[in-house]
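Every read-out reported here was derived from the displayed coordinates using simple, explicitly stated rules and does not represent laboratory data. A quick note: this is a predicted structure, and the numbers were derived from the prediction, not measured. Don't worry about glycine lacking a Cβ; one is built from the backbone with ideal geometry, like all the others, and counts go over all protein chains shown.
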Amino acid sequence: MRPETLISFLRREPAVMRVELTRVRGSSPREEGAEMFVSAAEVLGTIGGGQLEYMALDEARKLLINSVLSGVMDVPLGPEIGQCCGGRVEVSLTLMDQAACDAAIARVVADEAALPHVYVFGAGHVGRALADLFQHLPVRCVLVDNRADELALSHAQVEKRLSALPEAEVRSAPAKSAFIVLTHDHALDFLLSAEALERKDTAWVGMIGSATKRAKFNSFARKECGGLTTDALNCPIGASGSRDKRPPVIAAAVVAEVIAALTSEPAAQSPERATP
């Protein structure tokens with residue numbers, strides 16, 4: 001969740017119960033430390049959904065009604081509650097005071113600062129579709145283009161950068177960033193992809209195009225980039241087997257590839273991410 005979302009929630013609600021998974025044994029829909037915030041009328045966050053979450057919500061609201069400061073639940077995730085994970089979780093429920101609110105906000109701010117960066121180069125149809133999807137995911141998405149009119153067409157809640165030198169954005173990006181290259185210019189695509197591959201510390205590098213474009217880039221890298229190794233380049237991207245070329249469909253396939261790469265990096269794991 002975003003810090004501003006939590007801050008607004010805590011300011012709006014007079015009494016809030018923090019619900020946290022404090023112990024997880026075996027399989028569970030969320031990891032230890034997963035939390036949600038429950039008021040009389042609203043809930044923010046999730047501890048995994050399903051019957052476990054319904055039970056925790058019910059208990060949290062009972063505590064709120066009775067002005068009880070804290071509680072603990074020990075829940076087996078089996079058929080008796082209609083959940084088939086098979087593990088067991090301990091849930092801690094705590095009425096939040098100002099110190100607890102401050103600590104929760106600090107955690108969310110730290111989580112956001114640690115989010116992996118995803119750079120989308122090119123604010124055309126596919127680039128904008130990518131931004132529309134990434135805005136809902138635990139990443140910091142940066143949409144980069146040298147065309148102000150194209151950037152203006154994106155209404156996604158992501159960072160937008162008008163840049164005459166997009167290659168500088170590649171160089172200054174933090175380690176473990178993902179780079180998606182799909183500009184309006186093949187030569188620029190080659191330049192940006194080469195810059196990203198030169199870094200050696202990226203989480204994922206992809207360039208839109210065909211097998212023919214990939215072959216041309218390989219030749220470009222050998223001749224113009226000192227024999228740059230291109231094995232780490234994903235091209236074509238979004239190669240899910242679908243022949244559907246509509247931008248939102250391509251974007252969905254690319255996002256799946258990028259998120260899979262980012263979440264395979266332990267440092268990129270986010271406490272927001274739920275597991276099945």
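Convex hull volume of the Cα atoms in segment 86-179, per residue, in Å³?
Numbers: hull volume 15.2 nm³, N = 94.
Dividing the Cα hull volume of segment 86-179 by its residues yields 162 Å³.
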>> Explain nothing, just the number: relative contact order of the chain, from Cα pairs under 8 Å at least 6 residues apart, as a whole percent.
In response: 16 percent
>> From the Cα trace of the chain, what convex hull volume per residue do you get, rounded to a whole Å³?
In response: 150 Å³
>> Need one word for segment 115-268: rounded, prolate or oblate. Basis is the Cα gyration tensor (sqrt eigenvalues a ≥ b ≥ c); a/c below 1.5 gives rounded, then a/b vs b/c decides.
In response: rounded
>> Across segment 3-112, what fraction of all alpha-carbon pairs, as a whole percent, falls in each successive 5 Å bin from zero upward?
In response: 2, 12, 24, 23, 19, 12, 6, 1
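Can you put Met17, Met55 in order, fewest other beta carbons within 10 Å first? Walk me through the numbers on the way to the answer.
Values: Met17 27, Met55 15.
Placing the least packed residue first, the sequence is Met55, Met17.
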> Over the Cα atoms of segment 142-219, what Rg and Dmax result, in angstrom?
Replying inline: 12.7, 38
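Using DSSP to define loop residues, name the trypsin sites (Lys or Arg not before Pro) in segment 162-217 whose beta-carbon has at most 13 other beta-carbon atoms within 10 Å.
Lys200
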>> Of all beta bridges DSSP finds with both residues in the chain, what is the antiparallel percent, to the nearest 5?
In response: 55 percent
>> Apply the Karplus curve 6.51 cos²θ - 1.76 cosθ + 1.60, θ = phi - 60°, to the phi angles in segment 123-132 and return the couplings in whole Hz, x for Gly and Pro.
In response: 9, x, 4, 6, x, 5, 5, 5, 4, 4
> Taking amide hydrogens as modeled 1.01 Å from N in the peptide plane, which residues meet the under 5 Å criterion relative to Cys141, leaving out close sequence neighbours?
Replying inline: Val118, Glu159
>> For a test of understanding, tell me how many lysine pairs in the chain have Cα atoms under 29 Å apart, given they are 8 or more places apart or on different chains.
In response: 15
